[in-house]
Each structure stands twice: as structure tokens, then as C-alpha cells.
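Some notes on the structure that comes next.
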């Protein structure tokens, strides 16, 4: 056991201390995490409100006064609250719960300060051939000039049989952040003016066209969930993390084994340790590397969720099962990759033998959307019980809208453990013969024959 430990530590340190590993697998995810935490505070700082004047040319005589009301601070705050409420209605229930727990102050802080805009009558030069000249002139110490609104004469009361007119909008570059607010305010003012022209109450018109959207509940046998959209995304994320962390380190295990064999270094190692000790040490060392990568990406994902105040979306049980399925998946795929690395003479010969393993790792990603939509379909259930893809299939179902019963989860774990034992047994047989076998590159049938011979 001591020799296995020494080999595992050697494999781990020889990989994680290389500049390529540090830059490629540590620095980049770390930068993503730092960007997720600091980005909203550095780039997305909206603490400074847009302030200035909006010049309005209103030949109808009924829009400007209503624009002053619709762009006032109280009306802007009310409209923002309504837009936030509508956005949360379309979000998963878990997101709404986190938002409601955070409170309106946190939400408003994320959205930024409301603009402070003053509506003024357009000066004469705006009606000339170049209406933008006023916007580009220095304010001479007065308020900053943000925008120009020119209401078309038929925007409120068009001629019979003609459609309503609209408006022209010119915005200074410094006021572009407030463009959405300005457009919403003008729209509201125009609707109110049109309703008044037809002797209608604008509030009643808004009530008529407002429909509260209920939660869409996904119904299936034994369960109903309103979070179907979220649960279609989570499986893809978890399977992607499991797949990436397993494949990256598994390929490194294959490459290092093939290189040691081609350079005859493995013959020196076998003079000091047994083939099984060397194989076990390599698997454990590279599994520790893969676990480091997995932990790093889980930490980055947690940092992103913390930055977005959405940490409550991921339950601890999902992370727990992710860890179990990672160990099983790596023991299966890592053992097979180690067997291939020990059988070939150089890395170029491993391509044909790697095809089945690559197909197995890509298949869950291809089937993930279908399993997330129908986690209890016969194909989804079968996929979660057939090794070596059963861990991917069960993880997809666990993160879906209708998680499977506990007995199915633990059955998958038991099958996975059995498949891991079988993969290690197969790899040990191939490893014992393949390390000292040179010449013609083997095929899959040859590997099976070696396992039977050993």
C-alpha cells in the first residue's frame, strides 16, 4: 500500500505542478470565478444615475404633460417593479423564492439607480433642418442634454382611415443607458394621450390588456413541478462538469502511460513495484487530479451562483451524488484508458481504441435534453442502469423535474461499483501483459484475449 501511495503522489505532483496544467486547468477557471464575482461590481456598476434634460417637440399639445408624469421618479419606480414582477413570473419558482428572500432593496441595487430626467419644451432650433444640433451643444453649466423627442402630428389623432403616427428619438451617447426608460415613458404617454382623445380612461385600458401569467406546472406520474425549465438546464451543467473532469484527466493518464512505455521508463518502474501497484498508483494519482479539477469547477459554479444570488438553486444532495458518480465514472473510464495506454506503442496508435470510450462519453451529452424532458421514460430508466453510462443517466434524472425514487439511485450506484470492479480487473490483466508487449498495435479483440490469458 505504501508503494501505491508513493506512485499516486508522484503522478499527482508531476501533473499539477506543470505550467500547462496550472495555466490550462487552474488559472482559466479561477479567472472565470473572479470575473463572476468582481464583474458585476466592476463592469456593471450602475450606482450613478443618468441625469439631464429631454427636449420635447409636441405639435399635438397632449403628450408632453403626460411624458412629464410617466418619466417621473415615482412612475419609473412603479414601472420597474411591474417589469421585475413579470420577469420573475417567467422564472423558475426557486429563483422567485431567492429573489423574494433577498428583498426589493437587493433587486433594485442590482438593477441600478433610476435616471433623473427633466422634460423641457423644445427650443426653436430643434424644429429646423438639423434637430440634433441642440443635443451636441455644450450645456453652458446647465443640466446635461440627454435626448430629443419629436412627436409626429398624427401620433395622437390620425386622419380617418390612417394608422397612428409615432415619434422620432435622438439620444446623446452619454444618455444611452436610459434609452429603454425613455422609450417606455414615451409609449405610456402616447397611450394615455390616445385614450384621452377617445374619451377613455388610460388606467382602465391598461387593466384590460394586462393578464396575470400563472406558473406552468409540469405534470407527470407521481410528481408535478413548476421548475421544468430550470431542471432542463441543471442536468446539462452537472453532466458537463462530470464529463469534462473525467475525460481531461483520463486522457492524461493514457498519454503518460503510453509515453512511459515508449521511452522504456516503465521497465525501470516494474523493477521496483508490481504491475498492480503501478496501475493502482496511477489510477489514484490521476483520480486525485480529476477530483481537483471537479472541485475547482464546482467552486467556480458556486461563485457564479453566489454572485447572482442564486446559490439556493443547487441542493446539497446533487453535489453529494455528483461526487459518488464521479468516483465510479473515473474508475471505469480511467481504468479503460490506462489499459489502452499500456497496450499501445505510442499515442498515435491509441486513436482507434479510444473511439468506443469517446462514444460512451459523448452519448450522455447527446441524450441529455431528451432525458431531462422525460426522466421516467423507459429509455431514460434503461440508460441509468446500463454501465458505463449509467452514472451519467442517473445524474441527468436526479437533476430533472421528476427525480427518480431512491431505490433506483442506489441500484445505479451498486451497478456502477460492480462495473468499476470489472473495469479495474480487466485493466489489470491488460496492463500486466501490455506494458512489456511491443510490435504490432493491438485491437479490441487482442485486449480481450490478453485479459483471458492473464
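Annotations
- Only helices (runs of 4 or more DSSP H) whose full extent lies in segment 39-131 are considered here, and the ones with at least 1 residues that are at pLDDT below 75 and more than 23 Å from residue 149 (Cα to Cα) are 73-89, 93-102, 104-111.
- Segment 360-391, subset more than 24 Å from the chain's Cα centre (by Cα) and assigned to a helix (DSSP H, G or I), residue farthest from residue 263 (Cα to Cα): 378
- Screening the candidates 291, 272, 280, 299 for the property of being surrounded by fewer than 18 Cβ atoms within 10 Å (Cβ to Cβ), at pLDDT 80 or above and in the same structural domain as residue 343 (by TED's automatic domain parsing) yields one hit, 291.
- Annotation: of all residues in segment 392-408 being buried (at least 19 other Cβ atoms within 10 Å of the Cβ) and in a helix (DSSP H, G or I), the one that is modelled with the highest pLDDT is 394.
The values are calculated or read from the model by the stated rules, or taken from the named source; none is laboratory data. Note that the structure is predicted; figures quoted are calculated from it, not measured. Neighbour counts run over all protein chains shown; Cβ positions are idealised from the backbone, glycine included.
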